[in-house]
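Here it is, the structure in full.
The values are calculated or read from the model by the stated rules, or taken from the named source; none is laboratory data. Quick caveat, the model's predicted, so the values are computed rather than measured. Please note: Cβ atoms are built from the backbone with ideal geometry, for glycine as well, and neighbour counts cover all protein chains shown. These accessible areas exclude ligands, DNA and RNA; they are computed on the full protein's heavy atoms, side chains included. Shrake-Rupley method; radii C 1.70, N 1.55, O 1.52, S 1.80 Å.
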Amino acid sequence: MSGRNERIEMFFENMARTLYTHRFKTLVILVLCIGAMLWRLPHLTVDTNADALLKNDDPDKIVYNEFREQFGQDRMVVIAITSDHVFSEDFFLKLKSLHDDLEKKVPYVDEVTSLINARHTFGDADRLVVEDLMDGWPEERTVDFPALKDLVLNNPTYLDQIISPDGRTTAVVIKPEVYHVEAAPTADVMAGFEENVPAAEPAAPVKQKYLSQEQNEELVNAITAIVKSYEAPDFSMAYTGTPVVLSKFNQYTMKDMRLCFALNLLVNLVFLALLFRRVSGVILPQIVVFTAAFSALGLMAWFNVPVKMTTTVLPAFLVCVGVADSVHILAIFYKQMARGLAKKDAISYAIGHSGLAVVLTSLTTAAGLISFATADLVALGELGYFAAAGVMLALLYTLIMLPVMVAFSPVKIRPVKEESGERTLMDRILLMTGDVASRHPFSIIIVSLILFAVSYYYVFNLRYSDFVAGYFPTSMRVRQDIDLINDRLNGALNLEVLIDTGRENGVYEPDILNRIERLARDLETMHFPHITVGKVTSINDILKETHQALNENRKDYYVVPQDYDVIAQELFLFENSGADDLEKIVDTQFSKTRVTAKIHWVDSVYLNHYIGHLNRHLKILFGDRAKMEITGMSALMARSITAALGSMARSYALAFIVIGLMMIFLTGELKTGLFSMIPNFIPIVMTLGLMGALNVPLDMTSLMIASIAMGLVVDDTVHFIYNFRKYYLKTGNAFAAINLTLSGVGRAMVITSVVLACGFLMTIFANLSHTFRFGIFTAIPILFALLADFLLLPALMIVITGSHNKPEVLHARDEVVERFYRDARTAEE
């Protein structure tokens, strides 16, 4: 092992010398390469839709896309207007103005529904009439508003859909388009009339794309502006729905990303200034991490990968992680400069000494991240790929840019305290912890195992959560509006049940319609923990309205007819009335239909349990009479958390195995490599146990903590083991090797870990709670692991080497350390 490592160190040293010598050429190449990666950065977008988290070939996503293509958009924006005078002429005039503005001024709108144009079905003599509720008002007819109130509040179709049961809150429902249509080139209308002119090329086919996140932002921003212009004391407004929640989530996500990035840079500046007390020691690492973070984002833009819920942490993460390599190299560089070496020799020695260690720490971090590549969620895989790429870019920039930047930078030289026998307070504390661990290894190990056992017990208290609406603090309007609409209109999120009879006109069958009717009653009355179902709509609503209208508008005829021919005839009459409502709820062959349940915003974990229960209920209810599928954006959100859970289990195992193999490679010994993983594994279990004890949920981002932390916390272990093995092979004294290791890299280990932890702790200033939790509980295992590397790891090395049974080796420690430093000074001279 020693010969192999020495050859690798010599390679890195020679590489640094070459880069330093050819600094001008290297700088030009670096600028060109970095510029190419940053070129498309302005085109980077954000997309936190649930369907963006899943792979394109995911079965649930395929079903959802087919559903949208058949029946249109299920993601609605609901504007709730509360007033004590809803059924007054002044209110309706303002409502009509609002309705018209939404139709005219909001882009990408398919349909706006309110009390102005709500479907009003009634019989007039022998004629079926289907018209807008306020058709012709106010230009062509007058309205008796008390009678209108009675009509509206007694229409089951309206209740909890566009009017609250108490009549004080009415809703405007905005249905966005499914597709954004890219217009084909306009054909030349005079083509063919000119002589000797070739016929024009046929127009390119119209391209249809699902409404993008940018277009969703335009839609929501336009709605927001209109809502603000109409709000008044007696026209109190709230608005929500999937497009609104995702838009606000994106906005706050970008704010948090920029804020945390800036705060992380500030943390780096402060700690680097305290550590190095040199301008170059502050600026050079910042250039490296800044470039690496933006290069990773640039790569995302090149591959047209938007920032998703999982990748929002990427810039701040890379700023925290990327600085560690520079710190370890510069710490040695400045020490060698202080001992009289020229800049070229000092930076070459520093990179030669630490090159292999920083490569291995970067590889272990990347391994923890790349383990996400096996995830069922495409968003987790993207985090793994681009975060790992950012870590490796930070490594490359450190090894290549540092020699070049050092060559161009003035460096202030300070005397080395170690040569005068002085030690800093930090050095004395580190050596004291090493001494405690060396003298009491079994006590340290036993205490660590007790902490592990207690933490492991609380791990089983962990619960899973994915409540997007709950990520907003209750002080934010978006959260308040969700709660208000849940309360006043019984929810604003749709859960869709797709029923496929598999036969033409199968929906006409009374048996199928009766089962749909029972399903609607069951959905509205079924009690399930944490789930509240409001209005349920289906083809039966249209059929019952039509049947009642054709039977003298009598309420006792508001039922599903039980004759196949009557059903077919009444639906035919409704279709011929000019209304287009049927096409939104049944296919052209009348073989498929949808049942829509309006539900409250709820944790996706609870919703996933409910969907499982509902699937079983559907199988019992419909048997082999039809094929049922539950879909909609809410169902995709529920699918995402289950995919994430399975993915994380594989990710944890893969990260542990890969990092363990790297540690075995580093140490050259199976036993030492495996034992060195213990100080990294225990802090992660302790953190998960702490989350369980504090009832902190594992959400879509905090699920990643264990894999990310595994890759991070092992960095200090790599530096400790790498140096311990080097000193142990040279001195043969494990106690002396621990002393020399803590004196050499201990301070850098402390600084890099504290910088990492403080960087993640900056998320306490984030707006969204999941970002806050992710930062806090990623910082904690880093600090736990730092303590383990200074206490548990030395204790394990003493036991592994058998030194605990050799008191004479401990007594000889100080003499061995002094002789090592004396020999090193002699070699330098």
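For the stretch 686-805, with equal point scatterers placed on the C-alpha atoms only and solvent neglected, what are the log10 I(q)/I(0) values from the Debye formula at q = 0.09, 0.10, 0.21 1/Å, to two decimals?
The Debye formula, applied to the Cα set alone, gives -0.31, -0.38, -1.07.
Rg/Rh for the stretch 327-465 to two decimals, with Rh computed the Kirkwood way over all alpha-carbon pairs.
Numbers: Rg = 21.4 Å, Rh = 19.2 Å.
The Rg/Rh ratio comes out at 1.11.
Let me ask something else. What do you get for the angle between helix 441-459 and the principal long axis of the chain? Use alpha-carbon atoms, 0 to 90 degrees, nearest ten.
For 441-459 against the chain, the angle is about 0 degrees.
Could you give each residue of the stretch 271-280 its phi-based ³J(HN,Hα) in whole Hz, using Karplus coefficients 6.51, -1.76, 1.60 with θ = phi - 60°, and x for Gly or Pro?
3J(HN,Hα) across the stretch 271-280, in whole Hz: 6, 5, 5, 5, 6, 9, 6, 9, 5, 5.
Oh, and also: Give a quick list of chymotrypsin sites (Phe, Trp or Tyr not before Pro) in the stretch 457-547 that DSSP marks as loop, anything other than H, G, I, E or B, with at most 13 other Cβ atoms within 10 Å.
Working: sites: Tyr457, Tyr458, Phe460, Tyr464, Phe467, Tyr471, Tyr508; in loops: Phe460, Phe467.
Of the chymotrypsin sites (Phe, Trp or Tyr not before Pro), the ones in loops of the stretch 457-547 whose Cβ has at most 13 other Cβ atoms within 10 Å are Phe460.
For Asp110, which sequence-distant residues (separation of 5 or more, or a different chain) have an amide H within less than 5 Å of its own amide H, given hydrogens modelled in the peptide plane?
Lys175, Glu177
Work out the P(r) tail for the stretch 534-577: percent of alpha carbon pairs separated by more than 17 Å, whole number. Mind dumping the intermediate values first?
On the way: 245 of 946 pairs.
Here the long-distance tail beyond 17 Å is 26 percent of all Cα pairs in the stretch 534-577.
Assuming a ≥ b ≥ c are the square roots of the Cα gyration tensor eigenvalues, decide whether the stretch 498-641 counts as rounded (a/c under 1.5), prolate (otherwise, with a/b larger than b/c) or oblate. Let's see the in-between values first.
On the way: a/c = 2.03, a/b = 1.76, b/c = 1.15.
Prolate shape, in that a/c is at least 1.5 and a/b is the bigger ratio.
Amide H neighbours of His180 under 5 Å, counting only residues 5+ apart in sequence or on other chains, H built in-plane at 1.01 Å?
So His180 has HN proximity to Lys209, Tyr210, Leu211.
While we're here: What are the extents of the Cα atoms of the stretch 585-637 along their three principal axes, in Å, largest first?
On the principal axes, the stretch 585-637 reaches 36, 23, 15 Å in Cα extent.
Shape call for the stretch 632-711 from the C-alpha gyration tensor, a ≥ b ≥ c root eigenvalues: rounded (a/c under 1.5), prolate (a/b greater than b/c) or oblate?
Numbers: a/c = 4.46, a/b = 1.92, b/c = 2.32.
Cα axes put the stretch 632-711 in the oblate bin.
Which pairs in the list Lys175/Lys248; Lys94/Lys584; Lys209/Lys584; Lys598/Lys627; Lys104/Lys598; Lys96/Lys544 are over 24 Å apart, alpha-carbon to alpha-carbon?
Values: Lys175/Lys248 18 Å; Lys94/Lys584 28 Å; Lys209/Lys584 20 Å; Lys598/Lys627 21 Å; Lys104/Lys598 27 Å; Lys96/Lys544 28 Å.
Pairs exceeding the cut-off: Lys94/Lys584; Lys104/Lys598; Lys96/Lys544.
I'd like the distance separating the alpha-carbon centroids of the stretch 9-38 and the stretch 86-105, in whole Å.
66 Å
Sequence gap at least 6, Cα distance under 8 Å: using those rules, report the relative contact order of the chain to the nearest whole percent.
Details: 1336 pairs, mean separation 158.4, N = 829.
Worked out over the chain, it gives 19 percent.
For the stretch 231-286, what size does the Cα cloud have along each of its three principal axes, sorted from largest down, in whole Å?
62, 24, 12
For the stretch 541-622, I need the span (max minus min coordinate) of the C-alpha atoms along each principal axis, in Å, sorted largest to smallest.
46, 29, 26
In addition: Only helical DSSP H runs with n ≥ 4 go in: add -39500 (n - 2.57) per run for the chain, normalise by residue count and round the 222 nm mean residue ellipticity to 500 deg cm²/dmol.
On the way: 28 runs with 509 residues, N = 829.
Taking each H run of at least 4 residues, the total per residue is -21000 deg cm²/dmol.
Rounded to whole Hz and in sequence order, give me ³J(HN,Hα) for the stretch 337-346 from the Karplus expression 6.51 cos²θ - 1.76 cosθ + 1.60, θ = phi - 60°, writing x for Gly and Pro.
Per-residue couplings from phi come out as 4, 5, 8, x, 6, 5, 4, 4, 5, 5 Hz.
Still on this structure, please answer the following. Once both labels are modelled 7 Å past Cα along the beta-carbon direction, what's the Glu6-Glu89 spacing in nm?
Roughly 10.2 nm, to one decimal.
In square angstrom, rounded to the nearest 10, how much accessible surface does Met426 have for a 1.4 Å probe?
Here the accessible area works out near 60 Å².
Calculate the spin-label point distance for Trp302 paired with Arg168, positioning each point 7 Å from the Cα along the beta-carbon direction, and give it in nanometres.
About 5.9 nm, to one decimal.
Now a separate question. I want to check the label-to-label distance for Asn576 and Leu151. Put each point 7 Å from Cα in the C-beta direction and report it in nm to one decimal.
2.5 nm
As an exercise, identify the trypsin sites (Lys or Arg not before Pro) in the stretch 94-178 lying in DSSP coil whose Cβ has no more than 13 other Cβ atoms within 10 Å. The partial results should precede the final answer.
Working: sites: Lys94, Lys96, Lys104, Lys105, Arg119, Arg127, Arg141, Lys149, Arg168; in loops: Arg141, Arg168.
Qualifying residues, ordered by number: Arg141.
For the stretch 411-542, what does the alpha-carbon gyration tensor say about shape, rounded, prolate or oblate, given a ≥ b ≥ c as the root eigenvalues, a/c under 1.5 as rounded, and a/b over b/c as prolate? Could the numbers behind the result be given before it?
On the way: a/c = 4.14, a/b = 2.91, b/c = 1.42.
Prolate.
Oh, and also: How high is the relative contact order of the stretch 246-323, given as a whole-number percent (alpha carbon pairs under 8 Å, six or more residues apart)?
Numbers: 46 pairs, mean separation 33.3, N = 78.
For the stretch 246-323, the relative contact order is 43 percent.
So what is Rg over Rh here for the stretch 326-380, counting just Cα atoms and using Kirkwood for Rh?
Numbers: Rg = 17.0 Å, Rh = 13.0 Å.
Rg divided by Rh gives 1.30.
Take the Cα radius of gyration of the chain and divide it by 2.2 N^0.38 Å, with N its residue count; two decimals is plenty. Before the final figure, lay out the partial values.
On the way: Rg = 33.7 Å, N = 829, 2.2 N^0.38 = 28.3 Å.
It is 1.19.
Okay, moving on. Dipole magnitude of the stretch 1-135 about its Cα centre, charges +1 at Lys/Arg Cβ and -1 at Asp/Glu Cβ only, in debye to the nearest 20? Walk me through the numbers on the way to the answer.
On the way: 16 positive and 24 negative charges, 337 e Å.
Dipole about the Cα centre, nearest 20: 1620 debye.
Please report, to two decimal places, log10 I(q)/I(0) for the stretch 272-399 at q = 0.19 Å⁻¹ as given by the Debye formula with identical point scatterers on the Cα atoms and no solvent.
-0.98
Still on this structure, I have one more. As a test, work out the antiparallel percent of DSSP beta bridges whose residues both lie in the chain, rounded to the nearest 5.
Values: 46 of 49 bridges.
Of the beta bridges lying entirely in the chain, close to 95 percent run antiparallel.
With N set to the residue count of the stretch 1-104, report its C-alpha Rg divided by 2.2 N^0.38 Å to two decimal places. Don't jump to the answer; show the numbers that get you there.
Numbers: Rg = 30.8 Å, N = 104, 2.2 N^0.38 = 12.8 Å.
Ratio of Cα Rg to 2.2 N^0.38 Å: 2.40.
What percent does the relative contact order of the stretch 261-398 come to when contacts are Cα pairs within less than 8 Å and at least six residues apart?
Dividing the mean separation by the residue count of the stretch 261-398 yields 31 percent.
Continuing with this model, one more query. Quick one: check the C-alpha center-to-center distance for the stretch 216-245 versus the stretch 431-449, whole angstrom.
61 Å
Probe of 1.4 angstrom, ligands and nucleic acids ignored: what's the accessible area per residue over the chain, in square angstrom?
On the way: 34710 Å² over 829 residues.
That works out to 42 Å² for each residue.
Taking the alpha-carbon centroid of each part, what is the distance from the stretch 763-777 to the stretch 597-627 in angstrom?
Comparing the Cα centres of the stretch 763-777 and the stretch 597-627, I get a distance of 33 Å.
Explain nothing, just the number: dipole magnitude of the chain about its Cα centre with +1 on each Lys and Arg Cβ and -1 on each Asp and Glu Cβ, in debye rounded to the nearest 20. Numbers along the way, then the final one.
Details: 72 positive and 90 negative charges, 1163 e Å.
With Lys and Arg at +1 and Asp and Glu at -1, about 5580 debye.
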